[in-house]
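Laboratory data are not the source of any read-out in this text; all were calculated from the coordinates shown. No experiment lies behind these values; they were computed from the predicted model shown. Glycine also receives a Cβ, built like all others from the backbone with ideal geometry; neighbour counts cover every protein chain displayed.
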Amino acid sequence: MYKRFAEGLASVEGITQRVLTQTLRRLERNGMIRRTVLPTSPGHLTATARCRRLARTVFSGSSWTTRR
């Protein structure tokens, strides 16, 4: 999943640029996302393998809870 900062800001209703920036920096510091900056284009955000594993675990637990 690649997202530009502006796309992330537009896709989360009610979040300020400051809060989004702080959250993305924290996620990057914790190894959940990777930021790639190319000289020819703005930076892109990519979910790391660690983040994808966590998402699978959370969503599978959520579906199990819903079925119960």
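Worth a mention:
- Peptides 35-43, 50-58, 20-28, ordered by how many other C-beta atoms sit within 10 Å of their residues on average, highest first, read 20-28, 50-58, 35-43.
- Taking θ as phi - 60° and the Karplus parameters 6.51, -1.76 and 1.60, the scalar couplings of region 31-40 work out to x, 8, 10, 10, 9, 10, 10, 10, x, 9 Hz in sequence order, x denoting glycine and proline.
- Summing charges over all other residues whose Cβ lies under 12 Å from the Cβ of ARG25, with Lys and Arg as +1 and Asp and Glu as -1, gives +3.
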